[in-house]
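Pasting a structure here, questions to come.
The values are calculated or read from the model by the stated rules, or taken from the named source; none is laboratory data. As the structure is a computational prediction, the values presented were derived from the model and not from experiment. Neighbour counts are summed over all protein chains in view; Cβ atoms, including those assigned to glycine, are modelled from backbone coordinates with ideal geometry. Remember, those area values only see protein heavy atoms, side chains included, never the ligands or the DNA or RNA. Shrake-Rupley method; radii C 1.70, N 1.55, O 1.52, S 1.80 Å.
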Amino acid sequence: MSRHFAIVPAAGSGSRMGAGRPKQYLELAGRPLIWHALAALAGARRIACVCVVLSPEDDWWPRFDWAPLAARLRVLRVGGATRAQTVGNALEALAADVAPEDWMLVHDAARACLTTAQVDALIDALADDAVGGLLAQPVADTLKRGDAASRVAQTVPREAMWQAQTPQMFRHGVLRRALAEAPHVTDEAGAIESLGLAPRLVAAEAPNFKVTFPQDLALAELILRARGER
Ligand code: C5P
């Protein structure tokens with residue numbers, strides 16, 4: 001039986017947020033932002049361990065109390081210069097402890113509205129999948145490609161377009177090779193695609209946006225408070 005591990009890359013600076021501290025440590029619903037993603041993943045009983053990947057220089061992590069989650073967490077201080085490098089380093093660090101067939105669920109620290117139900121649904125949907133896949137959302141808006149002057153250069157048909165989210169779930173051995181061969185991708189699925197494989201798109205049933213700009217923080221707070229679960 002393959003096991004499941006979560007990997008949460010959290011070595012970014014979150015510069016688009018324009019805050020005085022790394023985005024993952026901003027306060028959200030009374031907790032550091034990253035707490036919410038870790039709690040959702042830790043709540044999924046099929047996930048053996050939630051691996052948080054920090055920058056080696058991160059001095060924010062020890063300032064918070066992680067005790068309620070600690071039994072389910074493993075902290076890896078192997079963050080790299082890009083998200084892909086951070087994930088690649090984590091896969092290397094885990095190589096001795098996992099099997100090539102074990103599933104890795106890579107999730108952005110900043111997707112704070114993830115629910116355990118969504119994690120379970122993703123694991124169920126991909127249980128027998130030969131490739132793996134990702135949570136995603138069909139695009140609802142009409143898409144425009146802009147030029148350098150912010151004028152519309154082209155309307156892009158939205159049919160069959162999806163927004164990629166996370167978790168992205170692939171087997172350790174394939175993902176490790178894919179990221180080593182395609183280090184410039186912006187998500188794990190992109191690396192898998194570069195091997196000629198087609199990841200499965202699993203429709204997200206709940207809000208799962210990435211907290212990126214200041215206004216995202218208020219919306220995430222409303223959603224988490226309305227659920228009243230954390
Ligand atoms: O910057 P962006 O929001 O796209 O980052 C997505 C995720 O990748 C975040 O959880 C961020 O902390 C992480 N990341 C990382 N190492 C980097 C850059 C980003 O772990 N060098």
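Assign unit charges at the C-beta atoms only (+1 for Lys and Arg, -1 for Asp and Glu), then state the dipole size of the stretch 54-163 relative to its Cα centre in Debye, rounded to the nearest 20.
It comes to approximately 560 debye.
To continue, here is another question. Okay, helix-only estimate at 222 nm for the chain: each DSSP H run of n ≥ 4 adds -39500 (n - 2.57), divide by all residues, round to 500 deg cm²/dmol; what do you get?
When only DSSP H runs of four or more count, the value is -8500 deg cm²/dmol.
Given the stretch 45-106, what whole percent of its Cα pairs are spread farther than 19 Å?
35
Something else about it: Report the accessible area of E101, computed with a 1.4 Å probe over the heavy atoms of all protein chains in place, in Å² rounded to the nearest 10.
Near enough 100 Å² of accessible area.
Simple spin-label model, 7 Å along Cα-to-Cβ: F213 to D59 in nm?
Distance between the two pseudo-spin positions: 3.3 nm.
Continuing with this model, one more query. List the residues whose amide H sits under 5 Å from the amide H of T82, counting only those 5 or more places along or on another chain, with H placed 1.01 Å from N in the peptide plane.
none
Not counting ligands, DNA or RNA, and with a 1.4 Å probe, what is W60's accessible surface area in Å² rounded to the nearest 10?
Ignoring ligands and nucleic acids, W60 comes out at about 50 Å².
Connecting C-alpha atoms closer than 10 Å in a GNM of the chain, tell me which of F209, F170, F64 has the biggest fluctuation.
F64
Of G18, A67, L94, which is farthest towards the positive pole of the stretch 4-227's charge dipole, taken about the Cα centre with +1 and -1 on the beta-carbons of Lys, Arg and Asp, Glu respectively?
G18
So how much slack lies between I223 and E159, counting 0.36 nm per residue of separation and subtracting their Cα-Cα distance, in nm?
Gain in length upon complete extension: 20.2 nm.
Can you give me the solvent accessible area of R16 with a 1.4 Å probe, rounded to the nearest 10 Å²?
140
Roughly how many whole Å is it from the C-alpha centroid of the stretch 141-212 to that of the stretch 53-88?
Centre-to-centre (Cα) distance: 24 Å.
Hey, another quick one. Leaving out ligands, DNA and RNA, what percent of the accessible area of the chain is carbon and sulfur, probe 1.4 Å?
Here it works out to 52 percent.
Suppose each label sits 7 Å from its Cα in the direction of the beta carbon; what would the S194-A117 distance come out to in nanometres?
Here the modelled spin labels are 3.7 nm apart.
Taking the inverse of the average 1/r across all pairs of different Cα atoms in the stretch 4-227, what Kirkwood radius in Å do you get?
18.0
By accessible area of protein heavy atoms, probe 1.4 Å, what ranking do H107, H4 get, highest first?
Descending order: H4, H107.
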